[in-house]
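Structure first, commentary second.
Derivation of every value follows stated rules applied to the coordinates shown; laboratory data play no part. Note that the structure is predicted; figures quoted are calculated from it, not measured. Positions of Cβ are backbone-derived with ideal geometry, glycine not excepted, and every protein chain shown enters the neighbour counts.
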Amino acid sequence: MLTDTIIEDDRWTAANLPQLAETAARAALAHLSLNADDFEIAILACDDAHIATLNADFRDKPSATNVLSWPSEERGAELDGGTPDLPAPAMPGMPEELGDIAIAFETCAREATEAGKPLDHHLTHLVIHATLHLLGYDHIRDKDATLMEGIETEILGKMGIPDPYSEH
């Protein structure tokens, strides 16, 4: 398994997050020609209260957010719009840790409802988004954001999920 999901909030089990996360993270890696068996990602499926604490501790933002990610190492591109330094394959049988992801139930469910999207589509997008962060992609600079959003849209399209950035 690429992902190891720790369920803190039982609503995540009903939302099928462990399977959705595995499928989404595998799709992200495959799109970038990375073998999912060479890597592992830890996912914390929590609630808004826990992610607000994490957001305060790590980003000085004491509020809930949908997803947070902590890459195991810095892989970002130096030039705006450049490709990050993707990780090399690990030794056989010893997957490399890409990093950790935390995802908050209430915020994700609210966002999906407000956008009129199925929850599973929104969760798939957020896990792909967070996985790309672990791989060094970001959206702070304009060209980086364009690159990252384009990759997300391509991956989701292959999965039959509409572009989350288009206005419907």
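Of all residues in region 125-151, those that are more than 26 Å from Ala42 (Cβ to Cβ) and either polar (S, T, N, Q) or touching a residue at least 24 places away in the same chain (Cβ under 8 Å) (or both) total 4.
Every test in (1) in contact with a helix residue (DSSP H, G or I) (Cβ under 7 Å, 6 or more places away or on another chain); (2) surrounded by fewer than 17 Cβ atoms within 10 Å (Cβ to Cβ); (3) closer than 20 Å to Met148 by Cβ is passed by Pro62 save one, and that test is (3).
Just one residue in the set Ala130, Ala145 is surrounded by fewer than 17 Cβ atoms within 10 Å (Cβ to Cβ), of a type in the set (A, V, I, L, M) and assigned to a helix (DSSP H, G or I); that residue is Ala145.
Can you tell me which of Ala102, Ala21 is touching a residue at least 12 places away in the same chain (Cβ under 8 Å), out of contact with any Gly (no Cβ under 8 Å at 6 or more places or on another chain), part of a strand (DSSP E or B) and within 27 Å of Asp163 (Cβ to Cβ)? Reasoning before the result, please.
Working: Ala21 fails: part of a strand (DSSP E or B).
Of the residues listed, the single one that is touching a residue at least 12 places away in the same chain (Cβ under 8 Å), out of contact with any Gly (no Cβ under 8 Å at 6 or more places or on another chain), part of a strand (DSSP E or B) and within 27 Å of Asp163 (Cβ to Cβ) is Ala102.
Filtering region 26-59 to residues that are of a type in the set (Gly, Ala, Ser), out of contact with any Pro (no Cβ under 6 Å at 6 or more places or on another chain) and exposed (fewer than 14 other Cβ atoms within 10 Å of the Cβ) leaves Ala30, Ser33, Ala49. For region 40-61, enumerate the residues that are within 21 Å of Arg110 (Cα to Cα), without any contact (Cβ under 8 Å) to a residue 60 or more places away in the chain and among the hydrophobic types (A, V, I, L, M, F, W, C). Of everything in region 40-61, those that are within 21 Å of Arg110 (Cα to Cα), without any contact (Cβ under 8 Å) to a residue 60 or more places away in the chain and among the hydrophobic types (A, V, I, L, M, F, W, C) turn out to be Leu44, Cys46, Ala49, Ile51, Ala52, Leu54, Ala56. When Thr107, Thr131 are checked against the criterion of being touching a helix residue (DSSP H, G or I) at 6+ places or on another chain (Cβ under 6 Å) and within 15 Å of Gly76 (Cα to Cα), a single residue qualifies: Thr131. Of all positions in region 80-92, at least one carries a residue that is surrounded by fewer than 15 Cβ atoms within 10 Å (Cβ to Cβ) and within 16 Å of the chain's Cα centre (by Cα). Pairing residues of region 62-74 that are within 12 Å of Tyr137 (Cα to Cα) and touching a residue at least 40 places away in the same chain (Cβ under 8 Å) with residues that are among the charged types (D, E, K, R) and in a loop (DSSP other than H, G, I, E, B), at Cβ distances under 9 Å and at least 6 apart in sequence or on separate chains, gives Glu74/Asp85.
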